[in-house]
Structure formats: C-alpha cells, structure tokens
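Asks: The structure's right below; bear with me while I get my questions together.
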Amino acid sequence: MHMHLRAAAGAEIRDDHSWLEAFMATAWAHHEVEYAAGVAGSIEKDFRLVHALYEASGATAGRLPVLGGRQPAGAPAAAPPHPPLRVLEPAGVRAAAAFLTDASFEDLWEAAGPGIHASFGPGWPEALVAEIFQRHHRDLRAFYGRAAAAGHTVVKAGWD
C-alpha cells in the first residue's frame, strides 16, 4: 500500500470524493513525471509508522504531514473499492511544512525509533531502519516546503 501525496493549487481541487479519486488516479498514473516536477510524493508501506514517528513529537493531527487533513465531501462510509482520501488546505500545508522544518529527526527517532525498529522484526539493523525513516522525513520536508511556498493544497490517497 502507498500513501500518495499530490500538491495543487486550491482552485484546481474540488471538494468531492469521486472527483478527487479520479484526480489522484490520474496523478498516480503519471507519478514519475510528477515526482520529478516536485508536485507529488509517496510513502510505500511505512506511512503509518512515519505518522507514529511524528506523533512522538506531541504534534496535533492537523499539523502532521502524513495522516493529517480532512475527508472530502461525499466520502463513502466504507472505503473499498474507494481509496481513503485526505485534503490538507494551504494553512495546514504551511503548518506541516513548519513542523517538518522544526522537527529534529534525531529527537523524533529517540522518542519513537525503538518501537518502529521493533515493528520491523529481527534481522533489521536499527541503523538501516533509521536511514529509511530519515529519508522519508527528508522527502516530506522537501515536498511540503515546496507546496507551502506555492500556497498549494495537498491531497492524499491510500492505494493498494
């Protein structure tokens, strides 16, 4: 499962689950081009653990760059076959970018790293797991920094 993030101008975004699902499906189909353009990103499998890393800071959900945001209008009561979607408005994007800029990876890892490392099971060196999460942190910091500077909204989708 992937958590796919896409930044766009708020005027381009409709507050409609069906529309956003189609928008994100199109974005996912072109994700390599969008990654290169700096308007998209994703976290493979680890997104709940990345969220846990940031929760260790005591930040509120609205400031968290992974699972923060609101559900769009018309979200189905049961997700399958529809992906879960979240929308983080520009103010939330700025707050997430500020959080990521201010957050010390070392402090976050000290607080949450042992639990995250343990979830990987035996055979995974802690340094390797920490490197994976430091890369997620660095990528999210860059993505949210660009989105905040552009005044963009961020849409998030969970894909199988």
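Asks: List the pairs whose first member sits in the stretch 108-133 and is assigned to a helix (DSSP H, G or I), whose second member is of a type in the set (S, T, N, Q), and whose Cβ atoms are under 7 Å apart, counting only residues at least 6 apart or on separate chains?
Replies: 108/57
Asks: Then there's this: Residue 95 passes all but one of (1) modelled with pLDDT of 95 or more; (2) in contact with a Lys or Arg (Cβ under 6 Å, 6 or more places away or on another chain); (3) of a type in the set (A, V, I, L, M, F, W, C); which number fails?
Replies: That leaves (1) as the condition not met.
Asks: Right, here's the next one. Among the residues of the stretch 119-135, write down those that are within 16 Å of residue 55 (Cβ to Cβ) and either of a type in the set (A, V, I, L, M, F, W, C) or at pLDDT below 95 (or both).
Replies: Residues of the stretch 119-135 that are within 16 Å of residue 55 (Cβ to Cβ), as a first pass: 119, 133.
Residue satisfying the conditions is 133 alone.
Asks: Go through the stretch 99-139 and give me each residue that's among the β-branched types (Val, Ile, Thr) and more than 20 Å from the chain's Cα centre (by Cα).
Replies: none
Asks: Sticking with this one: Among the residues of the stretch 68-75, is any modelled with pLDDT under 95, closer than 13 Å to residue 158 by Cβ and out of contact with any Lys or Arg (no Cβ under 9 Å at 6 or more places or on another chain)? Don't jump to the end; show me each part of the working.
Replies: So the first thing to find is which residues in the stretch 68-75 are modelled with pLDDT under 95, and the list is 68-75.
Next, from what is left, pick out any that are closer than 13 Å to residue 158 by Cβ: 69, 71, 75.
Applying the additional criterion that residues be out of contact with any Lys or Arg (no Cβ under 9 Å at 6 or more places or on another chain) yields 75.
Yes, the stretch 68-75 contains at least one residue that is modelled with pLDDT under 95, closer than 13 Å to residue 158 by Cβ and out of contact with any Lys or Arg (no Cβ under 9 Å at 6 or more places or on another chain).
Asks: Can residue 104 be described as among the polar types (S, T, N, Q), free of Cβ contacts under 8 Å to residues at least 40 places away in the same chain and surrounded by fewer than 18 Cβ atoms within 10 Å (Cβ to Cβ)?
Replies: yes
Residue-by-condition table, conditions (1) loosely packed, with under 14 Cβ neighbours inside 10 Å; (2) at negative phi; (3) aliphatic (A, V, I, L, M):
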site	(1), (2), (3)
108	no, yes, yes
115	yes, yes, no
119	yes, yes, no
125	yes, yes, no
130	no, yes, yes
133	no, yes, no
139	no, yes, no
142	no, yes, yes
145	no, yes, no
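Asks: Condition first: closer than 18 Å to residue 57 by Cα and of a type in the set (Gly, Ala, Ser). Now tell me which residues in the stretch 101-160 satisfy that.
Replies: If the condition is that a residue be closer than 18 Å to residue 57 by Cα and of a type in the set (Gly, Ala, Ser), then 103, 104, 111, 112, 113, 115, 130 are the ones that fit.
Asks: Moving to a separate point now. Give me the residue from the stretch 28-73 that is touching an Asp or Glu at 6+ places or on another chain (Cβ under 6 Å) and either surrounded by fewer than 13 Cβ atoms within 10 Å (Cβ to Cβ) or of a type in the set (A, V, I, L, M) (or both) and, out of that set, farthest from residue 136 (Cα to Cα).
Replies: If we take residues in the stretch 28-73 being touching an Asp or Glu at 6+ places or on another chain (Cβ under 6 Å) and either surrounded by fewer than 13 Cβ atoms within 10 Å (Cβ to Cβ) or of a type in the set (A, V, I, L, M) (or both), then 73 is farthest from residue 136 (Cα to Cα).
The values are calculated or read from the model by the stated rules, or taken from the named source; none is laboratory data. Computed from a predicted structure; not experimentally measured. Reconstructed Cβ throughout: ideal geometry from the backbone, glycine too, with neighbour counts over all protein chains shown.
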